[in-house]
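Quick note: the coordinates plus some simple rules give every number you see, no bench work behind them. Here the structure is a predicted model, which is why all the values come from computation and not from measurement.
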Amino acid sequence: MARPPARSATIPPPGTAAVILTANRLRDGRVVWLTAKGSWSEACCQARIFGSEEVAVGLAAATDAERTQHVVGAYPVDVAPGTGHPLRLRERLRAKGPSIEAEHWPAISVAS
């Protein structure tokens, strides 16, 4: 009988992972993370880590922030328990910040 594939040591079984919440700030589109104080920070390391039983509290705070139009597209991110590092590549890239600084690009003029 074949054995199931072994799970990665960095990815815990579903439902047991710690979670942080991320979204995009509506004002400027920057990636933000929900902090323990209920505010949003651009630094992933400041994000509050929610246990599986606390996720509903964080999602409620994110929903309120979307309703008041502070952030958009809030969603939970599985992180390594203890370290808070995102497990998936997409969120690790989001945590590092923009890969390009839009402020340094020249303005594009449109010919009429």
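Observations
- Potential lengthening of the chain between residue 67 and residue 24 amounts to 14.1 nm, from the contour at 0.36 nm per residue minus the alpha-carbon distance.
- The length gained on full extension between residue 88 and residue 75, counted as 0.36 nm times the residue separation minus their Cα-Cα distance, comes to 3.3 nm.
- Taking 0.36 nm per residue of separation and subtracting the current Cα-Cα distance, fully stretching the chain between residue 41 and residue 99 would add 19.1 nm.
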